[in-house]
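A short write-up of the structure that comes next.
The values are calculated or read from the model by the stated rules, or taken from the named source; none is laboratory data. Everything numeric in this text was worked out from a predicted model, so none of it was measured. Here the Cβ is made from the backbone with ideal geometry for all residues, glycine too, and neighbour counts use every protein chain on show.
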Amino acid sequence: MAARMTAAQYTALMARRRGEPAAPASEKRGRKAAARPGPPSTPPAPAIEPLLAMLSAPGRHWTLLMPYAEELLTSNQRLHHMAVHRIRQRLRADAANTAAVRLLPRLERAAIFYVLHPRPLSRKRDPGNWAPTAKHYVDGLVTDGGLLPDDSHEFLMGPIPVMGAPVTTGLARMTLVVVELARR
């Protein structure tokens with residue numbers, strides 16, 4: 001049985017054979033090319049006092065700005081499972097490396113807030129949509145970084161979404177605020 005090509009696939013194949021540069025994916029689908037976000041920027045640190053006020057017995061706390069990543073996971077994405085796996089592994093490694101560099105101690109119980117610093121676009125944002133990214137950052141802190149014995153409800157409260165100040169240039173960033181909780 002012969003494989004069939006669409007007209008667009010045939011045109012692209014013939015262009016490759018002639019050595020012509022391939023058209024970007026955005027032109028192939030008739031969409032505008034995405035705007036270049038610019039260089040990464042460092043967002044301002046989130047206000048800690050309102051976060052601590054939400055907790056009954058807060059102790060020490062740490063603010064961890066996660067490394068700049070061009071790919072983060074959201075609830076609304078449609079990605080191939082291997083692309084998700086690749087991003088997930090990088091997020092976990094970034095969180096574990098950040099914990100190792102900051103020399104975070106092993107805690108008995110903690111609350112983790114994830115603060116989203118979105119791109120500077122004028123529209124409403126839902127930080128809860130970024131929960132997949134926060135989940136893999138927390139997994140990296142707990143299992144790979146050794147912050148807590150486990151990420152179950154007995155040891156971890158959260159991750160709790162919080163909206164932060166937008167970044168000035170670049171793509172969205174995320175800050176994790178780890179708060180030690182007194183043992184119940």
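Out of 131, 172, 182, I need the residue that is of a type outside the set (S, T, N, Q), touching a residue at least 24 places away in the same chain (Cβ under 8 Å), in contact with a strand residue (DSSP E or B) (Cβ under 8 Å, 6 or more places away or on another chain) and loosely packed, with under 15 Cβ neighbours inside 10 Å. Which one?
Numbers: 131 fails: loosely packed, with under 15 Cβ neighbours inside 10 Å; 172 fails: loosely packed, with under 15 Cβ neighbours inside 10 Å.
The unique qualifying residue is 182.
From the list 48, 87, which one is modelled with pLDDT of 90 or more, within 16 Å of the chain's Cα centre (by Cα) and of a type in the set (Val, Ile, Thr)? Write out each step before concluding.
Working: 48 fails: within 16 Å of the chain's Cα centre (by Cα).
When all the criteria are applied, what remains is 87.
Quick one: which of 93, 47 is among the small types (Gly, Ala, Ser) and assigned to a helix (DSSP H, G or I)? Spell out the reasoning first.
Working: 47 fails: assigned to a helix (DSSP H, G or I).
Unique residue meeting the criteria: 93.
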Working only within segment 96-127, note down all residues that are over 17 Å from residue 46 (Cα atoms), assigned to a helix (DSSP H, G or I) and either at pLDDT below 90 or not hydroxyl-bearing (Ser, Thr, Tyr) (or both). 96, 97, 99, 100, 101, 102
Starting from residues that are of a type in the set (A, V, I, L, M) and in a helix (DSSP H, G or I), keep the ones in segment 12-44 and report whichever is modelled with the lowest pLDDT. 25
Of all residues in segment 111-153, how many are under 18 Å from the mean Cα position of the chain (by Cα) and of a type in the set (Ser, Thr, Tyr)? 4
